[in-house]
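Trainee: Here it is, the structure in full.
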Amino acid sequence: MLDHILLGFSAFGDPMIWAALVFGALMGYLIGAIPGLGPSLGVALLIPFTYGLDPVVSIVGLVALYAAAEYGGAISGVLINSPGTAAAVATAWDGYPLTKQGRASEALGVSILASGVGIFLSTAFLIATAVPLSEFALRFGPTEYFALALVGLSLVAGLSEGSPMKGAVAMGIGLALATIGLDVQTGVPRFTGGEPEFFEGLPLVPVLLGLYALSEVLIMIEDGPADKVRNTLLTGGMAAPFRLVGKLKVVILRSTVIGYFVGVIPGAGASIASFISYAVSKRFSKTPELFGKGAIEGVASSESANNSAVSGALAPLLALGIPGSATTAVLIGALNIHGIQPGPLLFTRNPEIPYTIFASLWIGVPVMVLIGLLGIRLWAQVANIPRPAIAAIVAGICFVGAYASENSMFPVWVMLACGIMGYVLRKMRFPLAPVILAMVLGEMMETNFRRALITARGDWTVFFTSPLTVVLLVVAALAFLLPGIAILRSLSRRVRRAQT
């Protein structure tokens, strides 16, 4: 293995490898920061330009774009509450409040360094555990996938502010939206109104743009002009964000581990990794009440998790030829175009491919961090743009991003409807996070639940035959019950104080 790792690093003696790495990182930042694009679309758009290039050069550029785009989504999420990617939604929950407090550069600095640490450490995990972890994930059956989705939904209580009932209602709305489209098993249209556009379900990008970005535009219009927030830029040069991250090392390490292991599971992806990591960080935080209001821990946990999930998603791709995410599914197409078949034989037939990818992720960390930190002062000034101008820019990005996602007007109408719904929910103080989380997990939970029952011919005990499924179900039950127990204890203490 050491010889192969050295082989991967030796590839960087070629200037073209360096050029591909830097170009991919720059394009990743740009594409990730624009809501509606994201890493999957970015990789797909770049593939045609790699046809005449060496396979190693091509894959390094595409993987660099993938990694940088996952961070790039945090830029717009932190500055204008319009996450460039679904995985950056949790980052915006605390990043945008920090911007409104004049701490935009602090949030950006921590997010880029947490991302870099997440990729660096998770690459080490990838090298050491790619094959065994991929084989373990391959053993997941319908019951395990259902239980995993249930664990994610059970964390909604931890993500909901105020009334847990409102969080449950928001989760129900998300699950209802997830049922729109053709039934996966029977092909029967559900809640489509006979319109073919709804057969594939609601597209996530327009829903995301509407709920978060467009609803924010409506709030801005309602509030009218506001005093300009002058951002307090970081002092102390490059050392300042490093000092901040040093205080968050436990959060970042824990989130990196969570992100990598969730990323290894095919279909889970960076979005679920960031949601789960955010909820876990809030649960273990000494100041959970600050989450959603400007907790720097929330930014660090989300970014380290969604970036470490990149390495996790590459594990099943390289070792077994199974895409761990939508973007790695596109990468399989890129490998096939160059005559390379991902899977167990890849490490023996073309070891230069996986080990150069490993080396590029490690070498790409300082490149990505440097680009990010050098741009902090420039990006932080975006928050100083007058409020009406920000509303106009965000609205324009929403319409362009929604249209570009499918090159049609249907996503635009979906975005407008979700924008109005998001505005109403926010005015009624319903959290938006459970809606998105339920949409992401709803299809996975329903499909695997029904598949497990069909396989077992309706026998409910199938969910208790696998030890892993039982463990996940217990975790989900505890996540549901613990917030209720905490509320009962709080009420009990209040009653005792009133009596005394």
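Trainee: Under 7 Å between Cβ atoms, which residue pairs at least 6 apart in sequence (or on different chains) link something in segment 432-459 that is closer than 18 Å to Ser82 by Cα with a partner that is at pLDDT below 80 and of a type in the set (Phe, Trp, Tyr)?
Mentor: Every condition considered, the pairs that remain are Leu432/Tyr212.
Trainee: Here's something else I'd like to know. Based on this model, can you work out whether Val60 counts as open to solvent by less than 10 Å² (accessible area, probe 1.4 Å), of a type in the set (A, V, I, L, M, F, W, C) and either out of contact with any Gly (no Cβ under 6 Å at 6 or more places or on another chain) or free of Cβ contacts under 8 Å to residues at least 60 places away in the same chain (or both)?
Mentor: Spelling it out, Val60 is indeed open to solvent by less than 10 Å² (accessible area, probe 1.4 Å), of a type in the set (A, V, I, L, M, F, W, C) and either out of contact with any Gly (no Cβ under 6 Å at 6 or more places or on another chain) or free of Cβ contacts under 8 Å to residues at least 60 places away in the same chain (or both).
Trainee: Evaluate segment 25-36: report whether one residue or more is without any contact (Cβ under 8 Å) to a residue 40 or more places away in the chain and open to solvent by 10 Å² or more (accessible area, probe 1.4 Å).
Mentor: No.
Trainee: Another question about this same structure. Check segment 155-162 and report whether any residue there is surrounded by fewer than 21 Cβ atoms within 10 Å (Cβ to Cβ), at pLDDT 80 or above and at positive phi.
Mentor: Within segment 155-162, not a single residue is surrounded by fewer than 21 Cβ atoms within 10 Å (Cβ to Cβ), at pLDDT 80 or above and at positive phi.
Trainee: Which helices (runs of 4 or more DSSP H) sit wholly inside segment 219-308 and have at least 2 residues that are among the aromatic types (Phe, Trp, Tyr) and modelled with pLDDT under 85?
Mentor: Output list reads 269-284.
Trainee: Then there's this: Please find, within segment 90-103, the residue that is modelled with the lowest pLDDT out of those that are part of a loop (DSSP other than H, G, I, E, B) and open to solvent by 10 Å² or more (accessible area, probe 1.4 Å).
Mentor: So, considering only residues that are part of a loop (DSSP other than H, G, I, E, B) and open to solvent by 10 Å² or more (accessible area, probe 1.4 Å), the one modelled with the lowest pLDDT is Arg103.
Trainee: In this structure, is Ala107 of a type outside the set (Val, Ile, Thr), within 20 Å of the chain's Cα centre (by Cα) and under 22 Å from Met415 (Cβ atoms)?
Mentor: Here the answer is no, as Ala107 does not meet what is asked.
A quick yes/no check of all residues on (1) modelled with pLDDT under 70; (2) among the polar types (S, T, N, Q); (3) in contact with a Ser or Thr (Cβ under 6 Å, 6 or more places away or on another chain); (4) surrounded by 19 or more Cβ atoms within 10 Å (Cβ to Cβ):
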position: Pro351; (1), (2), (3), (4): no, no, no, no
position: Ala359; (1), (2), (3), (4): no, no, no, yes
position: Met368; (1), (2), (3), (4): no, no, no, yes
position: Ile376; (1), (2), (3), (4): yes, no, yes, yes
position: Pro386; (1), (2), (3), (4): no, no, no, no
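Trainee: Follow-up question, since we're still on this one. Can you tell me which of Val475, Val462 is surrounded by 12 or more Cβ atoms within 10 Å (Cβ to Cβ), modelled with pLDDT under 85 and under 32 Å from the mean Cα position of the chain (by Cα)?
Mentor: Criteria check complete, one pass: Val475.
Trainee: With the checklist (1) surrounded by 15 or more Cβ atoms within 10 Å (Cβ to Cβ); (2) over 20 Å from the mean Cα position of the chain (by Cα) in hand, flag the one item Ile454 doesn't pass.
Mentor: (1)
Trainee: Another question, then. Would you pick out the residues in segment 399-435 that are of a type in the set (A, V, I, L, M), closer than 24 Å to Ala273 by Cβ and crowded, with 24+ Cβ neighbours inside 10 Å?
Mentor: The answer is Ala433, Val435.
Trainee: Quick check on my filter: what residues within segment 300-320 are in contact with a Leu (Cβ under 7 Å, 6 or more places away or on another chain), crowded, with 24+ Cβ neighbours inside 10 Å and not polar (S, T, N, Q)?
Mentor: Correct list: Ala300, Leu314, Ala315, Leu317, Leu318.
Okay, residues lined up against (1) at pLDDT below 80; (2) of a type in the set (Lys, Arg):
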position	(1), (2)
Lys427	no, yes
Leu432	yes, no
Val435	no, no
Arg450	no, yes
Arg457	no, yes
Ser466	no, no
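Here is a yes/no grid of residues against (1) in a helix (DSSP H, G or I); (2) crowded, with 24+ Cβ neighbours inside 10 Å; (3) modelled with pLDDT under 85:
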position	(1), (2), (3)
Gly72	yes, yes, yes
Ser76	yes, yes, yes
Ser82	no, yes, yes
Ala88	yes, yes, yes
Val110	yes, yes, yes
Gly118	yes, yes, no
Leu126	yes, yes, yes
Glu135	yes, no, yes
Thr143	yes, yes, no
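The values are calculated or read from the model by the stated rules, or taken from the named source; none is laboratory data. This is a predicted model, so every value here is computed, not measured. Every residue, glycine as well, gets a Cβ built from its backbone with ideal geometry; the counts of neighbours run over all protein chains shown. Side chains included, ligands, DNA and RNA excluded: accessible areas come from the protein's heavy atoms. Shrake-Rupley method; radii C 1.70, N 1.55, O 1.52, S 1.80 Å.
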